[in-house]
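Enquirer: I have a structure I would like to understand better, so I am pasting it below and will then ask my questions one at a time.
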Amino acid sequence: DKRECYGPQAVVKGGDVMDCRETCAKLEDFFHSRLPFDELESFVEHIHSCGACEEELKTYVVIDVGLEQLEDDTDGVYDPEGAYAACMDSALNHIDEHLVWKSFRYAMSTIAFWFVVLAFLLKWKIGF
């Protein structure tokens, strides 16, 4: 359920607030995979929740893909929808990979903690 958001803010998942002007200022960095990861998730959530910003991104993609084809003088298929989908898929995959690694690091830290506790308890028991 997309909301049209022409105002200064749109509320996204988790109660975070992303400013539409800030989102639009980051379109180029997002499309060219230069958006820092700490901003990526809130940017994608905002795009998914705000119809106006999603349209801005799609417009940017249409223009960028068109200009790139003109500069390269290619006769290939003009597919801005495919470029948009690829861009969003890449961002979502990057977010998913980050969450998997974050979970893995948490699991390894937990296991290491319990090994240290176990080693301490065994040393303490053997010491008596």
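Enquirer: Quick one: which residues, 5+ away or cross-chain, put their amide H under 5 Å from the amide H of MET18? H built at 1.01 Å from N.
Expert: ALA10, VAL12
Enquirer: Right, something else. Could the peptides 18-27, 115-124, 81-90, 39-48 be put in order, highest first, of the mean number of other beta-carbon atoms found within 10 Å of their residues? Let's see the in-between values first.
Expert: On the way: 18-27: 17.0, 115-124: 9.8, 81-90: 14.0, 39-48: 19.5.
Ranked by mean Cβ neighbours within 10 Å, highest first: 39-48, 18-27, 81-90, 115-124.
Enquirer: Per residue of the stretch 27-39, in order, report the coupling 6.51 cos²θ - 1.76 cosθ + 1.60 (Karplus, θ = phi - 60°) as ³J(HN,Hα) in whole Hz, putting x for Gly and Pro.
Expert: 4, 5, 4, 5, 4, 9, 6, 10, 6, x, 4, 5, 9
Enquirer: Between VAL116, ILE47, LEU57, whose Cα lies farthest towards the positive end of the dipole of the stretch 18-128 when Lys and Arg beta carbons carry +1 and Asp and Glu beta carbons carry -1, centred on the Cα centre?
Expert: Farthest towards the positive end: VAL116.
Enquirer: Whole-Hz ³J(HN,Hα) for each residue in the stretch 103-110, computed from phi via Karplus 6.51 cos²θ - 1.76 cosθ + 1.60 with θ = phi - 60°, x for glycine and proline: what do you get?
Expert: Computed from phi, the couplings for the stretch 103-110 are 5, 4, 4, 4, 4, 5, 5, 5 Hz.
We did not get these values from a lab; they are worked out from the coordinates using the rules stated. Predicted model only: the values in this text are computed from it and were never measured. Glycine gets a Cβ as well: all are built from the backbone with ideal geometry, and neighbour counts include every protein chain shown.
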